[in-house]
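See below for the structure under consideration.
Coordinate-derived values only; no laboratory data. Keep in mind that this is a model prediction, so the values were computed, not measured. So basically every Cβ, Gly included, is an ideal-geometry build from the backbone, and we count neighbours across all protein chains shown.
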Amino acid sequence: PRLNRLLLTGAAGGLGKVLRERLRPFARVLRVSDIASLAPAPDASEEVMPCDLADKKAVDALVAGCDAIVHLGGVSVERPFEEVLEANIKGIFHVYEAARRHGVQRVVFASSNHVIGFYRQSQTLDAHAARRPDGYYGLSKSFGEDMAQFYWDRWGIETVSIRIGSSFPEPANRRMMSTWLSYRDLTQLVEKSLFTPGVKHTIVYGASANRDLWWDNSAAAHLGFVPQDSSEVFRAKIEAQPPVAPDDPNAIYQGGAFTAQGPFGD
Ligand code: NAI
Ligand code: 15L
């Protein structure tokens, strides 16, 4: 193991469950956290610490003693602003403030393609494209990236913000033929994000080597991320689905259906 104690937030979630298994070799102790219930620690290589990211004191205690943080926790789909505010916006502030107080040097932040969701699928973007968030959730990830940049500039804490496309066992629709990130490639990207020296604040798109990619990772070449998988193996299955109407947001925008959510309440 190259780290003494690694914190994984969002460990009860879809990607958290995957990374809980796959990050274990990288740290003497993997500290796993979530607000939802977590499977018990199998042995002394894990610590289970439930925590609400909206609770500043609890996050401070969660981060104490850790060398690095993989931050997956929070609301992961479009939701009313008030929910996003607690889990994602206050949550990431609490994570960085605790990192500063406890001398944590490296954060890997699960950002999202929804920070650029209002770009058309015909456009190719690199990490320098102006952000066009597609909802409150995307706005919270955009804020998280700004927070990462600020904590690098002001406090020298390094972050890789991974703009994850669609990380599931398989792509579920035509849009995900472009955005799919396999679990194997996600794991490689998180490993490189944790251990590449001198990343400052790097933004990288998290997608496999898919045929019709919308994203250019040349600004993150120093990570040495070389995806091994491609959505092509699922093409026949996906193309057997009924066609998507040309005016469906899933056929127009990089963020797909997220661009058409809300309003919430009145
Ligand atoms: P998920 O929704 O399955 O997992 C998120 C976890 O965060 C959940 O277990 C949830 O209980 C926890 N959480 C929510 N509010 C919390 C709070 N206040 N305090 C503590 N924990 C809280 O989402 P998934 O798919 O595993 O995604 C993980 C991360 O990656 C999320 O940050 C998501 O936004 C991001 N991401 C995921 C993508 C994907 O394709 N799976 C795509 C883009 C970004
Ligand atoms: C995300 O940010 C979500 O967390 C995930 O559930 C998917 O919807 C993904 O984006 C996507 O765009 O496919």
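Backbone geometry of the stretch 227-237 corresponds, through the Karplus equation with coefficients 6.51, -1.76 and 1.60 at θ = phi - 60°, to 3J(HN,Hα) couplings of x, 9, 10, 8, 5, 3, 5, 9, 4, 4, 5 Hz, x marking Gly and Pro. Amide H contacts of residue 51 (H built 1.01 Å from N, in plane; Pro and chain starts excluded): 34, 35 sit under 5 Å, all sequence-distant by 5 or more or on other chains. In this simple spin-label model, placing a label point 7 Å from the Cα along the Cα-to-Cβ direction at both residue 36 and residue 222 gives a separation of 3.5 nm. In this simple spin-label model, placing a label point 7 Å from the Cα along the Cα-to-Cβ direction at both residue 4 and residue 57 gives a separation of 2.6 nm. Backbone geometry of the stretch 58-72 corresponds, through the Karplus equation with coefficients 6.51, -1.76 and 1.60 at θ = phi - 60°, to 3J(HN,Hα) couplings of 5, 5, 4, 5, 5, 7, 4, x, 9, 8, 7, 10, 9, 9, 10 Hz, x marking Gly and Pro. Divide by every residue of the chain the summed helix terms, -39500 (n - 2.57) for each DSSP H run of at least 4, and state the resulting mean residue ellipticity at 222 nm, rounded to the nearest 500 deg cm²/dmol. After summing the helix terms and dividing by the residues of the chain, the value is -8500 deg cm²/dmol.
Computed from Cα positions, the angle between helix 91-102 and the longest principal axis of the chain comes to roughly 30 degrees. For the pairs 17/200; 17/141; 17/90, flag any whose C-alpha to C-alpha distance is greater than 26 Å. Exceeds cut-off: 17/200. Residues whose amide H lies under 5 Å from that of residue 46, counting only those 5 or more places away or on a different chain, are 30; hydrogens are built 1.01 Å from N in the peptide plane. Each of the peptides 112-124, 34-46 was scored by the mean count of other Cβ atoms within 10 Å over its residues; in descending order, highest first, they stand as 112-124, 34-46.
Please compute the length gained on full extension between residue 100 and residue 45, using 0.36 nm multiplied by the number of residues separating them and subtracting their Cα-Cα distance.
Working it through step by step, the gained length comes to 17.3 nm.
Scanning residues 5 or more positions from residue 166 or on other chains, those with amide H under 5 Å from its amide H are 180, 181, with H placed 1.01 Å from N in the peptide plane. Grab the other residues whose beta carbon is less than 14 angstrom from that of residue 248, score K and R as +1, D and E as -1, and report the net. Residues near residue 248 contribute +2 overall. If you plug each phi of the stretch 115-130 into the Karplus form 6.51 cos²θ - 1.76 cosθ + 1.60 with θ = phi - 60°, what whole-Hz ³J(HN,Hα) values come out, in order, with x for Gly and Pro? Values per residue, Gly and Pro as x: 6, 10, x, 8, 6, 6, 5, 7, 9, 10, 10, 10, 5, 8, 4, 4 Hz. Computed over neighbours whose Cβ is under 14 Å from that of residue 142, the net charge equals 0, Lys and Arg +1, Asp and Glu -1. Counted by Cβ distance under 9 Å from residue 27, the other residues give a net charge of +4, where Lys and Arg count +1 and Asp and Glu count -1. Of the beta bridges in the chain, as assigned by DSSP with both residues counted there, near 5 percent are antiparallel. Radius of gyration over Kirkwood radius for the chain, both on Cα atoms: the Rg/Rh ratio is 0.96.
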